[in-house]
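No lab work stands behind these numbers, since they all come straight from the coordinates. What you see is a predicted model, and the numbers here were worked out from it, not measured in a lab. We place every Cβ from the backbone using ideal geometry, glycine too, and count neighbours over all the protein chains shown.
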Amino acid sequence: MTSSVHISWLYGHSNENVCGTVSAIHTSSPLFGIYCSICFPRCDDEVRAVPLHKRPDLVEACADLVNSEWQRSRGARVHALQKSCHEFPVCLVLLQGAGDGEKLLGHARLSQVVGHSGSLFVESVVVSKAQRGKGYGRTLMEAAERYARGRGFQRLCLTTHDKQHFYAHLGYVLSQPVQNAGAMTSFVPMEQTSLPSHPKVQTLLETPYKDVKGTPIFWMHKDI
């Protein structure tokens, strides 16, 4: 028996949302987006990932969402979010419903990786505190992976301080550090990482890497 999900996203330049109940085998297929757009109509309770620059009306609400996890001045956060664009960085927002009933569920930011043209760096992954424990973290990451594949990328990289087991469950593996093209990153300055002079092997329980505050940080990636 396969599980099913209600999910849709904006694919490339398309402004059309798609929705449907899709078996797990379809959600893992590279043709998932095409399959949905052909077979399923929009529904009111759909969950979809949308580039923020296609929904500028959500910038302030998204600023509050990201600030709920990483505090920063609201003005600076709004300014950073407004940099979302098709050429990267891209801020994806996870939404449910439509009209007055629309909910902002989560956010993730994708930027390019220096020296790795086939990779994107995903950061500032956050789900609304009121919506946690419902599987939206997985939904958000899967949507980010589909978006990246749709743009021609083959790998997602990330860092985490304490969610390495969650990401490992999603198929991410421990890896070496990479340079995020948005490393001036206004969202999570901790991505600027200090590297040990003699790199050691990471495990899911221990890492030799630290952020600028000296907090241990895990580097991971997933081939998508």
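Working out 0.36 nm times the residue gap between residue 170 and residue 206, then minus their Cα-Cα distance, what length gain in nm do you get to one decimal?
The span from residue 170 to residue 206 would gain 11.0 nm if fully extended.
Looking at the stretch 55-102, which GluC sites (Glu not before Pro) are in a loop (DSSP not H, G, I, E or B) and have at most 11 other Cβ atoms within 10 Å?
87
Can you check what the net charge comes to around residue 78, using other residues whose Cβ is under 13 Å from the Cβ of residue 78 (Lys, Arg +1; Asp, Glu -1)?
That works out to +1.
How much length is gained if the chain between residue 72 and residue 179 is pulled fully straight, taking 0.36 nm per residue apart and subtracting their Cα-Cα distance, in nm to one decimal?
Taking residue 72 through residue 179 to full extension adds about 36.2 nm, to one decimal.
Suppose each label sits 7 Å from its Cα in the direction of the beta carbon; what would the residue 53-residue 161 distance come out to in nanometres?
Label-label distance for residue 53 and residue 161, simple model: 3.0 nm.
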